[in-house]
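Student: The structure's right below; bear with me while I get my questions together.
None of the figures in this text is laboratory data; all of them are computed from the coordinates on show. Not measured: the values here are computed from a predicted model. Reconstructed Cβ throughout: ideal geometry from the backbone, glycine too, with neighbour counts over all protein chains shown.
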């Protein structure tokens with residue numbers, strides 16, 4: 001049921017009804033004009049800026065300085081309106097007394113009362129037993145009495161406030177006094193009790209909350225975890241400027257102590273950023289001071305130049321695993337909350353134009369997990385890339401970079417890479433053909449060089465020819481089928497590279513797109529694979545008559561004509577005649593069902609090397625079911641089920657269960673339930689995770705949202721996107 005005040009802001013009809021011995025005003029006649037002609041004292045009764053306009057059935061005492069209007073009375077002055085059964089005006093006191101079904105409408109606020117006294121020039125008044133409605137926030141309530149203290153400033157005594165409708169609101173604030181300041185868009189209360197379903201839940205001597213963005217206390221956060229114990233966070237929000245704010249939070253952990261957390265945000269037309277800082281003095285677990293800092297900044301310098309920075313540092317290696325749920329930046333690192341083996345920091349100056357992309361960057365790492373190895377820091381990395389068209393179908397592609405690789409142990413040094421490419425692409429509707437010639441040149445200067453030479457050079461040419469055909473079939477029902485046979489022949493001479501240290505080279509898991517790369521076995525610049533090979537692939541797509549992709553699939557393999565190859569160490573080793581088979585596919589039999597798969601099969605042993613499967617059903621808002629299976633021979637064998645679903649009317653349940661099939665134990669367990677009550681919502685999640693190193697963490701997240709007021713708790717919606725893809729409890 002809506003508040004009875006919802007429709008009172010609309011103008012009422014103004015009927016004309018004659019009465020014996022009364023002055024009758026027909027609808028639409030302005031008393032201000034009439035008073036100026038007959039009784040000048042009436043016009044003077046209003047401020048010069050805000051003359052009074054009156055509509056009524058009858059008016060008595062016109063010209064005496066005291067008049068009384070009755071019957072469907074509507075008084076307009078300035079940006080305000082008053083409706084009542086009877087209105088009496090006293091010119092000497094500049095006062096209106098309204099009686100009977102009084103309705104007062106001002107910008108953003110509607111009030112109803114049996115009686116009201118209004119001082120027009122001073123914008124002050126007294127209201128008896130008012131009921132009020134904040135239209136934008138849908139907040140409403142009633143009071144024993146109220147006062148207007150000035151334009152846009154009100155005081156309500158023995159009052160309540162809620163955004164819920166109905167005779168028994170789900171929640172209400174009961175306060176000794178409520179101060180409403182529309183000028184500052186803020187509400188403050190004193191001696192306040194929060195009632196939920198008629199039961200007093202907690203009492204606060206003082207509470208303030210903004211109608212719009214404003215400095216003040218935000219709702220506290222609560223939670224619990226195995227490592228930190230009970231958690232209570234009290235944030236204070238500083239509204240510094242329209243484009244700048246700061247939130248300082250005092251976090252109490254029963255097993256750790258008090259942590260200060262600060263989040264500073266800024267936004268300008270050409271730059272923006274966030275700065276997070278956490279400090280836990282005298283941690284009860286480690287008996288040390290714990291701190292963390294994270295800064296992200298992006299800036300457009302103009303004329304094609306830009307700058308960005310992403311700096312992250314923690315003083316305690318388990319910071320993300322212990323405080324990832326409460327440290328806002330904890331979920332952005334590799335591995336997610338609590339499972340990041342290292343954190344990275346980077347910054348750079350960049351230039352982009354039509355043909356040139358260049359920059360100077362710094363990249364560093366901090367190791368968090370014992371016995372793990374972070375990548376080499378690059379201090380700095382300078383790069384310049386360019387692309388030009390040559391003639392109608394030709395192109396010239398240039399890549400160059402200079403890196404200084406730094407680490408606490410092992411060889412360090414500089415590497416210069418120059419990679420020019422000359423290509424030509426012939427394309428028609430039936431297919432394409434693209435020959436390409438490339439040169440890989442690298443020069444190294446090594447410090448702490450044993451067992452490597454101090455200066456190393458490597459030059460390798462590469463030739464390739466890539467092509468494909470397009471077979472298109474149009475169905476009688478408007479569907480479209482596309483079949484694309486693809487090939488790429490690549491030649492790179494064999495060269496031992498065991499005299500070159502490994503700075504950034506790695507051997508990733510291959511997939512279908514990678515088999516068409518020149519250096520298909522490695523990433524980074526320290527290893528260039530030999531090639532005398534042809535990559536063969538077949539890709540197909542089917543589009544429905546509406547243009548929706550029904551399915552897409554691809555299969556491919558590399559056939560090797562060379563019998564030898566280099567491994568990651570740079571040694572020359574024997575090579576099989578063919579690579580693994582690579583498969584990937586996507587099938588959407590219905591718009592809300594999506595099946596994804598990719599796999600790798602060993603061609604010699606005919607066994608499965610890798611398989612990833614996901615089935616997702618998204619039938620509508622707040623509804624998702626995910627089935628996952630992940631297998632990598634010798635490393636990963638896991639299965640998972642996750643989902644979110646409405647279970648009864650306004651109730652929603654969600655959960656995630658990830659199981660390690662090899663070790664026969666759960667990896668992650670998440671269960672949650674939520675309720676959307678319209679003017680309020682709540683959800684709770686219970687979470688269990690196995691961290692790197694075998695440590696486990698159990699946590700409870702709870703959030704209660706009182707719409708139009710604030711939210712209470714720390715439900716960490718970041719967990720949902722990470723562990724229940726497609727789920728949301730954004731009420």
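Student: Once you sort the root eigenvalues of the Cα gyration tensor of region 195-308 as a ≥ b ≥ c, which label holds: rounded (a/c under 1.5), prolate (a/b larger than b/c) or oblate (the other case)?
Tutor: On the way: a/c = 3.22, a/b = 1.37, b/c = 2.35.
Verdict is oblate for region 195-308.
Student: In addition: In region 498-656, what is the volume of the convex hull around the alpha carbon atoms, normalised per residue and reported in Å³?
Tutor: Values: hull volume 25.1 nm³, N = 159.
Dividing the Cα hull volume of region 498-656 by its residues yields 158 Å³.
Student: Separate question: Please state the relative contact order of region 110-197 as a whole percent: Cα pairs under 8 Å, 6+ residues apart? Before the final figure, lay out each step's value.
Tutor: Values: 201 pairs, mean separation 16.9, N = 88.
Value for region 110-197: 19 percent.
Student: Same structure, new question: Taking 0.36 nm per intervening residue step and subtracting the Cα-Cα distance, what contour gain separates residue 637 from residue 455 on full extension? List each step's numbers first, then the result.
Tutor: Numbers: separation 182, 0.36 × 182 = 65.52 nm, distance 4.40 nm.
Once the chain is fully extended between residue 637 and residue 455, it gains 61.1 nm.
Student: With the contact rule set at Cα under 8 Å and sequence spacing of 6 or more, what percent relative contact order holds for the chain? Before the final figure, lay out the partial values.
Tutor: Values: 1920 pairs, mean separation 38.8, N = 731.
The value is 5 percent.
Student: Next question. Indicate the gyration tensor shape class of region 538-618 (rounded, prolate or oblate), computed on the Cα atoms with a ≥ b ≥ c the square roots of the eigenvalues: a/c under 1.5 is rounded; otherwise a/b larger than b/c is prolate and the rest oblate.
Tutor: Working: a/c = 3.65, a/b = 2.54, b/c = 1.44.
Because a/c hits 1.5 or more and a/b exceeds b/c, region 538-618 counts as prolate.
Student: Hey, rough spin-label estimate for residue 443 and residue 571, points 7 angstrom out along Cα→Cβ, what's it come to in nanometres?
Tutor: About 3.1 nm separates the two model spin labels.
Student: Semi-axes of region 136-236's equivalent ellipsoid from the Cα gyration tensor, sqrt of 5 times each eigenvalue, largest first, rounded to whole Å? Walk me through the numbers on the way to the answer.
Tutor: Working: eigenvalues 146, 63, 29 Å².
Those come to 27, 18, 12 Å.
Student: Would you mind pulling out the separation of the Cα centroids of region 170-229 and region 513-563, in Å?
Tutor: 59
Student: For the chain, what does the helix formula give at 222 nm: sum of -39500 (n - 2.57) over DSSP H segments with n ≥ 4, over the residue count, nearest 500 deg cm²/dmol? Walk me through the numbers on the way to the answer.
Tutor: Working: 4 runs with 24 residues, N = 731.
After summing the helix terms and dividing by the residues of the chain, the value is -500 deg cm²/dmol.
Student: Taking the Cα centroid of region 301-318 and of region 56-113, what is the distance between the two, rounded to the nearest whole Å?
Tutor: That distance is 62 Å.
Student: Kirkwood hydrodynamic radius, computed over distinct alpha-carbon pairs, for the chain: how many Å, to one decimal?
Tutor: Result for the chain stands at 32.5 Å.
Student: So, one more: What does the C-alpha gyration tensor say about the overall shape of region 419-578? Classify as rounded when a/c is under 1.5, otherwise prolate if a/b is larger than b/c, or oblate.
Tutor: Numbers: a/c = 2.75, a/b = 2.46, b/c = 1.12.
Prolate, since a/c reaches 1.5 and a/b exceeds b/c.
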